[in-house]
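Written below as structure tokens is the structure these notes are about.
Bear in mind that the values in this text are calculations on the coordinates, not laboratory data. A quick note: this is a predicted structure, and the numbers were derived from the prediction, not measured. Cβ sites come from the backbone with ideal geometry, for glycine too, and all protein chains shown count toward neighbours.
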Amino acid sequence: MNMSRHFGQRAVVIGAGIGGLSAAGALSSAFKEVIILEREALPASVMSRAGVPQDRHPHLLLASGLQALDSIFPGYARDLADAGAVPVNAFKDIQYERPDVGALPRRDCSTSLLCASRPLIEHTLRRKVVAIANVTVQSQSRVTEIVPAPTWSLVKFETDAGVGAGIEADLVVDASGRGAPTLGLLDVLGWERPQETAVGVDISYTTAVLRPGRTSFNWQILVTLPDPAISATAGLIVPLEGGRWFVTISHHGATDRPKTWEEFLAVARQLKTPAIYNAIYKLLPPGGLRHFVLDESRWRHFERLKRLPRGILPVADALCRFNPVYGQGMTVAAREAKLLRDILDRVAGEADPIEALQAAFMSEVGALLQAPWNMGVNADFAYPTTRGERPERYEESRQFEAALFRAVVADPVVQRAFSDVLQLMEPFELLNEPDIRRRIEVHSLAQNA
Ligand SMILES: Cc1cc2nc3c(=O)[nH]c(=O)nc-3n(C[C@H](O)[C@H](O)[C@H](O)COP(=O)(O)OP(=O)(O)OC[C@H]3O[C@@H](n4cnc5c(N)ncnc54)[C@H](O)[C@@H]3O)c2cc1C
């Protein structure tokens, strides 16, 4: 549908990460042109970028994220698979080891994932975006300021050569990861900044890329979780294109990170089970080890503000940054873009569709963020070092989780429901529907008997 006359001449998107690219695709049918301003030079091939240092670590795209991207960019999943992404069936191909119930059954829950490096996920997406005739990705253009005006904004940016310029935009999507342009605008206007919910996790990643060669296992993904009362160290192996594996040790709370492969193997050996150690001890990482530390997950509650400057939309990490160990950030970013696209269709006939789009997005995005946020934060508070305010009814939710995993092991129907919720395909409430709730409670009672 061509809605450009309704919505305006131009949308500007700040940042060409997963959030910015997917938002640009979602908006392309509603504006005459969409310009993405990206501060970095963007590589022509599949390569890591300095501006997204996390891209050297595993990036799991959940099933609903893949679905959202495929619906905005038809053929995205096929292109990703053609580029070498590895198909993984949940849970048939996933060895998911928990401290309470052991490894989850390897049942086919009818959900398919595609595992690839973040550079490949982003590169494939960027190709889809630049193929849209009215979308331009302008690299080496760092946004310095958004200047408000009554019906449009001036987005000021600086090129790598230090040249300053500005573009007028009817809509500005801030997908800069940190949200500095929007926060700066609020400060200039003297308007209130959003409240923040922050959870201190001090999560550290140490990652190696391995070539397993002919070594083969009956899983594609291997996760070993710790018992949080005793240890804060988890391990993960996940495939990526080119017949390689990411192997990552993550740790909740400040710790010394393994600096050599020998230290890495020593930590792997101390995980709750020897599965990861056994899979990697004969291998060597050709590229060495990479580290990443993230101090806190943080939800900036823009959606609670009484007012936002007209036509400004913070999205993805700028709005809510999740603890990466739960693999939710890209998927939520893609789902936000899909929400934007769905709202465009609904508000196209409004007298002021920009205002209607902004109001509808800000009123609906909270519900989209709440379930993944709660799932992550509830799991984080099992670690004694986690900082911040515990969620309400935390003990109750821990007990529910304990019963849930016993039920997942025993009951294929519950495992399927859990898989759908974990992949953000279904709302968390699915686990509270009477039939599923009853099946979970049976296992809670069995344990207490
Ligand atoms: C270690 C780690 C592991 C992770 N693992 C996963 C995972 O398994 N699964 C998952 O779904 N998510 C994962 N994430 C989260 C994921 O990386 C992000 O949530 C996701 O990329 C969405 O981010 P974004 O687009 O908002 O920001 P980013 O990806 O950070 O992109 C922001 C872009 O904006 C550009 N930019 C910034 N400022 C400006 C400016 N002023 N002007 C112009 N351009 C600017 C940057 O250069 C960058 O290109 C992980 C994160 C980390 C840290």
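Under the Karplus relation 6.51 cos²θ - 1.76 cosθ + 1.60, θ = phi - 60°, what is the ordered set of whole-Hz ³J(HN,Hα) values for the stretch 313-321, x standing for Gly and Pro?
Per-residue couplings from phi come out as 10, x, 9, 6, 4, 4, 9, 8, 10 Hz.
Determine the calculated [θ] at 222 nm for the chain from helices alone, applying -39500 (n - 2.57) to every DSSP H run no shorter than 4 residues and normalising by the residue count; nearest 500 deg cm²/dmol.
When only DSSP H runs of four or more count, the value is -11000 deg cm²/dmol.
Exposure proxy check: Lys259, Lys282, Lys92 ranked by fewest other beta carbons within 10 Å?
Lowest to highest Cβ neighbour count: Lys282, Lys259, Lys92.
Mind checking the angle between helix 434-448 and the chain's longest principal axis? C-alpha axes, 0 to 90 degrees, to the nearest 10.
On a 0 to 90 degree scale, this one is about 40.
Could you line up His301, His123 from fewest to most neighbouring Cβ atoms inside 10 Å?
So the residues, fewest neighbours to most, are His301, His123.
Measure nothing but the geometry: give the 0 to 90° angle between the long axis through the Cα atoms of 118-130 and the longest principal axis through the Cα atoms of the chain, rounded to 10°.
Approximately 30 degrees, to the nearest 10.
Given the C-alpha centroids of the stretch 230-248 and the stretch 163-203, what is the distance between them in whole angstrom?
33
Using Cα pairs under 8 angstrom and six or more residues apart, how large is the relative contact order of the stretch 2-86, in percent?
Dividing the mean separation by the residue count of the stretch 2-86 yields 24 percent.
May I ask you to evaluate 6.51 cos²θ - 1.76 cosθ + 1.60, the Karplus curve with θ = phi - 60°, for each residue of the stretch 136-151 and list the ³J(HN,Hα) values in order in whole Hz, giving x for glycine and proline?
10, 9, 9, 8, 6, 10, 8, 6, 9, 6, 10, 9, x, 9, x, 10
Cα to Cα, under 21 Å, and not fewer than 8 places away if on the same chain: which lysines meet these conditions relative to Lys156?
Qualifying lysines at Cα under 21 Å: Lys32.
Which FRET efficiency value, to the nearest 0.05, do you get for Thr215 and Lys259 by plugging their Cβ-Cβ distance into 1/(1 + (r/R0)^6) with R0 = 25 Å?
For Thr215 and Lys259, the calculated efficiency is 0.50.
Against the longest principal axis of the chain, how steep is helix 394-410, in degrees 0 to 90 to the nearest 10, with axes from Cα atoms?
Tilt of helix 394-410: around 60 degrees.
Sequence-distant or interchain residues sharing an amide H contact under 5 Å with Ala103, placed H: which?
Close amide H contacts, sequence-distant or interchain: Arg98.
Assuming R0 = 35 Å, can you tell me the calculated FRET efficiency for the pair Asp295 and Val442, based on Cβ-Cβ distance, to the nearest 0.05?
In this case the efficiency is close to 0.30.
Report the gain in length on full extension from Ala351 to Asp227: 0.36 nm times residue separation, minus Cα-Cα distance, nm rounded to one decimal.
Length gained between Ala351 and Asp227: 39.1 nm.
Which cross-chain or sequence-distant (5 or more) residues have an amide H under 5 Å from the amide H of Leu289, H modelled 1.01 Å from N in plane?
Answer set, sorted by chain and number: none.
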